Every structure is written in structure tokens, then in C-alpha cells.
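I have placed the structure first, in the form of C-alpha cells, so that the comments after it can refer back to it.
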Amino acid sequence: SYPCYFEKFRSDGVEYDIYIGQSIAPDKKFNEIYLKNIRLWQLTSMAAIAKITHSLLDQMEKQLFTTQLIFVNATLIDITFRTDEHRFDVEGAYNIRYQIIKKRIDKVTIKGTNDRLTQPGKIAVVYFTKREEKEYIGYIQYLQKNGTLLDDMEELELEELQGVKGLQALRVGIQLN
């Protein structure tokens, strides 16, 4: 495994960032396989979280349905460690764009519809490039074969967000039982 930085936030849901790369551990050589491993782990973990929350529905006085969303940012971003706050911070105009996208995509709709991308019982993966799409399709197919995900993957084009064009998504059902 390779060192990474994991940061969790609580707002109207639970959100987390994972940073991985050469600058996190300058003395340890980074290899692309570490990124692939963490992406597969993230997808697997999201499915497990959905399954657990679904299994608790009958025990809830008021049922709470969760949605799972992954934003793939394959572009390098500049981060610095803020010793005063003991956390990493994203810097620079392009990097701030990443933060803006991340905050807005949870309410994005499928192009030409009023349907939100995020749906209970499904994982949505938002990305920009065909390379990212191909990589995640491979992970999804692997998790479909082992029974973690359903065989219902959708490839979707998303409505523009303020100042952001070209977002696409994969959405796939989770084997909840």
C-alpha cells in the first residue's frame, strides 16, 4: 500500500476526500497501481456502506435512504499541509474549481431530464474523460462478477453545472441483499 491522506466531513451527509501521490510520501516511489487499488477499494467500500445502511431501514423509526457518489478527479491538484489546522488544503484557481465541482455534483441531473443522478441503492461515478470511464467500467464489471454490484450499469451525460461542461457519469445498482 501507499500512504494517502483521508479527510472526512459531515454536512447534510458524510463526505470524504482521499489524496494520494508522490507529494504525500516524497521518499517512496509512487506507482499508478496504488491509485487503481484505492479506487477499487473506494467503490467496494461505497457498496458495503449502502448495503449496511439498507439493512438498517427496518430498525429506523423514520427510514433514511442514502445515496453514494464518487467524483473522479484525475487531474493533478496542488495541496499543502496547513500545520496550524493539521490538515491538507487545496490551492490555486484550477484546484478551487475542483472544490466547486465537488460541492455541486450531488444535485446534478441527467441531461434532458429532471432526474437527479444520485439514487438510493445505486452508486454514481462522475468523471470527465474516456480514460476514467474505461477504468471504472473495469472495476464495475469486476464487482458485478463477484456479486457486489448489479448488472444494470448506465452511462449518462449530465446537465451543465455553473461553469462546468462535459461531466459524465456511470450509475450502477448495488446488490443490497
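Which members of the range 133-147 meet the condition of being in contact with a strand residue (DSSP E or B) (Cβ under 8 Å, 6 or more places away or on another chain) and farther than 20 Å from L35 by Cβ? Passing the criteria: only Q144. Just so you know, in the range 102-132 the residues that are in contact with a strand residue (DSSP E or B) (Cβ under 6 Å, 6 or more places away or on another chain), of a type in the set (K, R) and touching a residue at least 24 places away in the same chain (Cβ under 8 Å) include one that is surrounded by the fewest Cβ atoms within 10 Å (Cβ to Cβ), and it is K111. Considering the range 60-99, and only residues there that are of a type in the set (A, V, I, L, M) and modelled with pLDDT under 75, the residue that is nearest to the chain's Cα centre (by Cα) turns out to be A74. Taking the criterion of being of a type in the set (V, I, T), closer than 27 Å to N146 by Cβ, surrounded by 16 or more Cβ atoms within 10 Å (Cβ to Cβ) and under 14 Å from the mean Cα position of the chain (by Cα), would at least one residue in the range 46-55 satisfy it? No, the range 46-55 has no match at all.
Tell me, please, whether a residue that is surrounded by fewer than 17 Cβ atoms within 10 Å (Cβ to Cβ), out of contact with any Lys or Arg (no Cβ under 9 Å at 6 or more places or on another chain), touching a residue at least 60 places away in the same chain (Cβ under 8 Å) and not β-branched (V, I, T) can be found in the range 133-145. Among the residues of the range 133-145, at least one is surrounded by fewer than 17 Cβ atoms within 10 Å (Cβ to Cβ), out of contact with any Lys or Arg (no Cβ under 9 Å at 6 or more places or on another chain), touching a residue at least 60 places away in the same chain (Cβ under 8 Å) and not β-branched (V, I, T), which makes the answer yes. Assessment of the range 149-171 against the conditions (among the β-branched types (V, I, T) and either touching a strand residue (DSSP E or B) at 6+ places or on another chain (Cβ under 8 Å) or in a helix (DSSP H, G or I) (or both)) yields no matching residue.
Residues in the range 56-80 that are touching an Asp or Glu at 6+ places or on another chain (Cβ under 8 Å), surrounded by fewer than 16 Cβ atoms within 10 Å (Cβ to Cβ), of a type outside the set (S, T, N, Q) and over 17 Å from V126 (Cβ atoms): D78 alone.
Name the pairs: first residue in the range 20-38 and over 15 Å from D78 (Cβ atoms), second residue of a type in the set (F, W, Y) and part of a loop (DSSP other than H, G, I, E, B), Cβ to Cβ under 7 Å, at least 6 apart or on different chains? Between residues of the range 20-38 that are over 15 Å from D78 (Cβ atoms) and residues that are of a type in the set (F, W, Y) and part of a loop (DSSP other than H, G, I, E, B), the close pairs are A25/Y2; K28/Y2; F30/Y2; Y34/Y2.
Quick grid of which residues meet (1) outside any loop (DSSP other than H, G, I, E, B); (2) of a type outside the set (D, E, K, R); (3) under 24 Å from R104 (Cα atoms):
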{"residue": "D12", "(1), (2), (3)": "no, no, yes"}
{"residue": "A25", "(1), (2), (3)": "no, yes, no"}
{"residue": "K29", "(1), (2), (3)": "no, no, no"}
{"residue": "I33", "(1), (2), (3)": "yes, yes, no"}
{"residue": "N37", "(1), (2), (3)": "yes, yes, no"}
{"residue": "S45", "(1), (2), (3)": "yes, yes, yes"}
{"residue": "A50", "(1), (2), (3)": "yes, yes, yes"}
{"residue": "H54", "(1), (2), (3)": "yes, yes, no"}
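Scanning the range 32-48 for residues that are out of contact with any Leu (no Cβ under 8 Å at 6 or more places or on another chain) and more than 23 Å from Y98 (Cβ to Cβ) gives I33, A48.
The values are calculated or read from the model by the stated rules, or taken from the named source; none is laboratory data. Source: prediction; values computed, not measured. Don't worry about glycine lacking a Cβ; one is built from the backbone with ideal geometry, like all the others, and counts go over all protein chains shown.
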